[in-house]
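Notes to accompany the following structure.
The values are calculated or read from the model by the stated rules, or taken from the named source; none is laboratory data. The shown structure was predicted, so the numbers you read here are calculated from the model rather than taken from an experiment. Here the Cβ is made from the backbone with ideal geometry for all residues, glycine too, and neighbour counts use every protein chain on show.
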Amino acid sequence: MKNIVFKKIAITNFLSFGKTQEYVFNDGITLISGINKDRGDDPNGAGKTTVNLAISFALFGKTYKDISVSSLVNRIAKKNGVVQLDMEIDGHLFSIIRGCKPSFVKIIEDGKEKQFAGIKPTDEYIAAKIGTDYLTFKNTVMMSSLGEPFLQQNAENKRKFIESLFNIEFIRGMAAILKEENAQKLQEFRENGLQLDSARSSLERFQKMRDDEIRNIEQGIKDREEQYNQSVADLGEAEKEFSLAKVPESADKLNDELSGIDKEISDINKECERLRKEDCAFYAQKYTSAEHQYSESKKFVDETTAWIEKVEAGLKERGFREDFWTIYGKREVYEDSISEIGRKISDAKAVPIANNTVIRNLESQKHELLSGDKCPTCGHVFTEEEKSDTALKAKHFDDKVAELLRQNEAAKSEIESLEAERTDAERYLKVANAGVTKQVDRVSDVKSKLDSMKAECDELRQKFDDAHEAEHKLSANIAELSVRRGEISNRIYQIENEISNYNAKKQRVERCKSRVEDCLSALDAAKKKTPTSTSFIKEYEDKIANFEKVAHEIEYTLEVYSLAKRVLADDGYRAELVGRIVAALNAKANEYLAKLDAPVTISIDKYFSDNIVDIGTGEVVEYNSLSGGEQRRIDLAMLLAFMDIRSMQGDAKFGTLFFDEILDSALSGNACCRFLEILKSKHDEEGIDSVVISHRKELSENDNIDNRVMVVKLGGVSSISSW
C-alpha cells in the first residue's frame, strides 16, 4: 500500500486567489475558517473551499463543484492560473504543477521533471502513482456537503461507488468481457461447425473418390496381369517358332559370283559395241563402197562400150572431129566431178546398209524382250511393274528403228539427187571423150579390174558377215550369262527372304521379351499405385479431428463461461462478495453511529438496499423520514466507514482527510464534538491528519482542534493566514 502525505500547496490566480498563496499541511486537526471582508465579515464566499478545490484540480484536473477548467482562472488575472501540490509518496518527493489558461501539467519527482507526450498520459501516470480514482477520492478522502449523501443515491450509483471503493468493479468488467467472449465463442462454435460439416462432406467425397480409385487400381492390376500373361504366352510361342527356324546360308559367294557375271557381261557388251561400231560398221562401209564401185564400173563399161560405138558411128557420119576433140580436152574436169559424186553416192548408200544391220539387231532384241518374262541380257524375271517398264523399253526400240528408217529415206533422196547430178556430168564427159581409141583402152582397163573388184566385194562381205556372226555369238553368251545371273539373283532373293524371315522371328522374340518386361514393370507400377485421394482423406480426417477438438474445447469453454456467468451474475459470486463487504461496512457504520449517539442502526444488503432501524422502537424507518441531524449522523457514519474500509484494503493510504462544511448544517454541537473526537482518535491511533472547513465559530474553541487557518477575502482576492 502506498503512503501519501500532503506537504504543501501553492495557489496562484486560481478562483478567488490572486498572488501565490501557500498552505503547509499541519499535523493533527486543522480548522479552516473564512471572512469575506467585501461582505462585512461574512464567513461565506471567503474562499475556504478553494483550498480543497485546488488540491482536487492538481490531482485530477477537475473539482467536485463541476467548474469548467476555463472558469477556474482568477477573474481579475484572467490567465496563468497555477496550482502546485507537493507530496511524499513512500518517502519520495512528488510534485504536481497544473495550470489553466493555458492548460498544462508537469510532474517533478525527486527534483527531476518527468517528460510526457501530453496532458492525458501525464494524468494517467498521476492516477497510477496515487492509486486512487476521482470518485473514490471524492467519497473517502475529500468529503463535501455539496455531494449527494450515499443513502440518497440510487442503487446503480451505490453499486458503482461500492465496487470502485472496494476494487471489485473488475467483476462487472469481467462479466462484460465474459459476455463478449461468450458471443465470440458461440460465433466460433457456429463457424467451426460449418467448417466441420464442410470437412465431413469433403471427406465423404474423397472417400468415394478413393473407393473409385481403388476399384480402378484393382481393375488396372487385373488388366496388367492379363497383359503380362498374354505377353509371356506370346514370348513362348515366338521362342518356339525361332528355335525351329533354320539358320539361312550366306549369300556372299553368290553375290561375288553375281559381281563376276556382271563384270563379264559388261566386258562382252563392250566387245559387242566395239564390233558393231568398229568391225561391222567398217566392213559394211567398205563393202558398200566396193560394191558400188564394182556396179558403177560394170555399168560404165557397158554404157561406154555402147556409147563409143554410137559416137564413133555418129562422128564418122558427121565428120566433126575438131569439136569432139575440143570437148575431149575437158574430160578430166568431168571425170573428177563424176568421181566425187560417186564417192558421195557410195557414202550415202553405206548408211542404209549399216542402219539395216542395226535395225535387224534391234528387231531381234525387241522380239526377245516382248516374247519372254525375263530380261534377254541379264535373265532377270520381270515383275508386273517391270513388264510395264518393258513396254516402255520396246517403245524406245521402235523409236530408234523409226529414226534409222528416216535416215535411210534421207540417204535415198540424197542418192537420187547425186545420181541425177552424176548423169549430167557423164553426158558432158561422153562428149569430152572424143578419142574413141582411148575410151576403148579405158573400157578394157576397167573390164580387167572388174573381177578383182568382185573378189574384193565378196571378201569384204565375208568379213562383215564374220564380224556380225562374232557379235551375234557374243550376244548369245550375254543371254546365257543373263540366265545364270537371273538364277543367282533369284537364289540371292530367296536367301535374303530367308534371312529376313529368320531376323523377323528373332526380332519378334526380342519384342516379346521387351513386352514381357514392360508388362511386368506396368504390373509392378499398378501394384504400387495408391489412390491420390488418400492424402486428401488424411488431410480432411486431420481437419475433422482438429475441428472436433476445437468444438470440444469451445464447448468446454462455453461451459466454463456459463459457470463464470452464473458466478459473476448479480445474484452470483459478486453478490456474495458484495454481501461480505457490506457486512463489514455495516459493522463500521453502526460503530460510528454509536459514537455519534445516533438513535438508529443501519444495514445495507448485497443489492444495496438500506434498512434503518430505530433503536428505541425497533421499527424500520425511512431515511427521508428522519430529522436533518439524524440524517447527518448517518451520513457521517457512512463517510467514516467508507474511509476505514478504504484504508484497510485500498492501494493507497492518504495521510490527510478533508471535510468541507459537513458539520455546518442540522448537526448539534454535541454531535460535532463527538465527530472531532473520532478524528482525534484517528490521528492518535492511525496518524491521519484532518482538514475541516466550517462556518461554526464554536469549533475554533474545541480542544481537539490543533491548527487554525483563516482565509480572508478582500477586494475580491483571497489570502491565507493563521491565528
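Just a few scattered comments:
- Residues that are modelled with pLDDT under 90 and surrounded by 14 or more Cβ atoms within 10 Å (Cβ to Cβ) were ranked within segment 615-626; the one that is nearest to the chain's Cα centre (by Cα) is Tyr623.
- Every residue from segment 139-154 that is at pLDDT 75 or above and either crowded, with 20+ Cβ neighbours inside 10 Å or small (Gly, Ala, Ser) (or both): Asn139, Thr140, Val141, Met142, Met143, Ser144, Phe150
- Subset of segment 506-527 (residues that are basic (Lys, Arg) and modelled with pLDDT of 85 or more): Lys506, Arg508, Arg511, Lys513, Arg515
- Any hit, segment 88-96, residues being under 22 Å from Ile11 (Cα atoms), in the same structural domain as Thr12 (by TED's automatic domain parsing), modelled with pLDDT of 95 or more and touching a helix residue (DSSP H, G or I) at 6+ places or on another chain (Cβ under 8 Å): yes
- Flag for Phe642 being hydrophobic (A, V, I, L, M, F, W, C) and assigned by TED's automatic domain parsing to the domain that holds Pro43: no
- Within segment 583-684, strands (runs of 3 or more DSSP E) holding 1 or more residues that are out of contact with any Leu (no Cβ under 9 Å at 6 or more places or on another chain) and over 16 Å from Leu151 (Cβ atoms): 652-654, 656-660
- Test: residue in segment 486-503 that is buried (at least 18 other Cβ atoms within 10 Å of the Cβ), among the basic types (Lys, Arg) and farther than 30 Å from Ala284 by Cβ: no
- Any chance Ala589 is in contact with a strand residue (DSSP E or B) (Cβ under 8 Å, 6 or more places away or on another chain), at pLDDT 70 or above, closer than 30 Å to Asp614 by Cα and not polar (S, T, N, Q): yes
- Residue within segment 566-575 that is within 54 Å of the chain's Cα centre (by Cα) and at pLDDT below 75 present: yes
- Among (1) in contact (Cβ under 8 Å) with a residue 40 or more places away in the chain; (2) on the phi < 0 side of the Ramachandran plot - the single one Arg632 does not satisfy: (1)
- Residue in segment 84-92 that is out of contact with any Cys (no Cβ under 7 Å at 6 or more places or on another chain) and in a helix (DSSP H, G or I) present: no
- Qualifying residue in segment 69-88 (condition: among the acidic types (Asp, Glu) and either on the phi > 0 side of the Ramachandran plot or free of Cβ contacts under 8 Å to residues at least 60 places away in the same chain (or both)): no
- Tally, over segment 596-612, of residues that are closer than 23 Å to Phe161 by Cβ and loosely packed, with under 15 Cβ neighbours inside 10 Å: 4
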